[in-house]
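The values are calculated or read from the model by the stated rules, or taken from the named source; none is laboratory data. Since the structure is predicted, the reported quantities are computational estimates derived from the model, not experimental observations. Positions of Cβ are generated from backbone atoms using ideal geometry, with glycine treated the same way; all protein chains shown enter the neighbour counts. Only protein heavy atoms, including side chains, enter the accessible area calculation; ligands, DNA and RNA are left aside. Shrake-Rupley method; radii C 1.70, N 1.55, O 1.52, S 1.80 Å.
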Amino acid sequence: MLPTHAQPGDQIEPFTPARLLTAWTFEPVLLIAILVVGALYLYGVHRLRKRGDSWSRARTFAFCGVGLGSAVIATQSALGTYDTVLISVHMVQHMILSMLTPLACALGAPVTLALRTLPLKPRGWLLYLLHSRFAKIICFPLVGFVFFILSPWVLYFSGWYDASLRSTVLHDLLHVHFLAVGALFFWPLLGLDPVPGRVIYPFRLILTFLTLPFHAFLGITIMSSTKLIAEDWYTAFGRSWPPSPLDDQYLAGGLLWGSGDIVGLVFFGVLFVQWVQQSQREAKREDRRLDRLEEQARRAGQTKP
């Protein structure tokens, strides 16, 4: 097993399918945080069911199984072991933490669960935070959209990414950054939790659709670049096994482009289905209202002399 963050000069085995399954690492801070969040969520579900209320198993699986599970795989598996050795591996990790994990966690509706299970005083604190000016600003969809599309450009075309490779603290903070930016983008648009910033479905669909060309353009830019990102770091490893640093960077750009478009289109589909379901519910409510009015008018006509 490699050190938590592989450094130039370490003895690094080639990245093979077997190593993908066996080369697990240990990121203590992130792992403890994930386990604590998962335990709190499951305790909330337990409290809810203990008093006789129901909670969707699908939501629990989305949050704990897919959301937190994908975060464990991204940071503790071979992806975490080789994320400082191969930029293509880092890119897979990036897309999981910034897209799959936050989207799955949002599907788990943890804020709704907290509001239904917290004691009175902590529940009041959470409600105060949700209604605060800061929450309304930071959860406004355009804010999350700007962070979501611009932060990768700043990361890969400034000294930030190189610095995160050389510092354990910055490396962990980068993972937190991916999660936070993904949450800011997906949570208000999905709209399952009562977070501020929810807008009408057409606007949600437009914002989701607009992320696709930005991911594609960034991916193509990385693929076509002849200058290595964090060149001094990656060339210092002196790897003799493929891919070469430049080929690996080309692969990383392709992964960013392809995975970003796939997840974006899936999310676009989820929002479209939600919009159709909401329209159907509104149509049923309107039909019931019209039926009540018709019944009231019929009864009023029958009572007239």
*Might you tell me the accessible area per residue for region 130-288, computed with a 1.4 Å probe and given in Å²?*
51
*Which is farthest toward the positive dipole end of region 1-103 among 96, 84, 7, measuring Cα position about the Cα centre, with Cβ charges +1 (Lys, Arg) and -1 (Asp, Glu)?*
96
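Mean residue ellipticity at 222 nm from the helices of the chain, using -39,500 (n - 2.57) per DSSP H segment of n ≥ 4 over the full residue count, to the nearest 500 deg cm²/dmol?
-23000 deg cm²/dmol
Order of 87-99, 244-256, 22-34 by packing, highest average Cβ count within 10 Å first?
Peptide ranking by packing, descending: 87-99, 244-256, 22-34.
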*Scan the chain and note any complete DSSP helix (H) whose C-alpha atoms cover at least 18 Å along its axis and whose Kyte-Doolittle average is 0.0 or more.*
28-50, 141-156, 168-190, 201-224
*Size of charge dipole - region 31-116 - debye, nearest 20, with Cβ of Lys, Arg +1 and Asp, Glu -1, no other charges*: 580
*Given a 1.4 Å probe and every protein chain left where it sits, what share in percent of the accessible area of the chain is carbon and sulfur?*
69
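Any idea what the alpha-carbon Rg over 2.2 N^0.38 Å comes to for the chain?
The reported ratio for this selection is 1.22.
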_Can you give the local net charge around residue 65? Use residues other than it whose beta-carbon is closer than 11 angstrom to its beta-carbon, Lys and Arg +1, Asp and Glu -1._
+2
*Rounding to the nearest 20 debye, state how big the charge dipole of the chain is about its Cα centre with +1 on each Lys and Arg Cβ and -1 on each Asp and Glu Cβ.*
2160
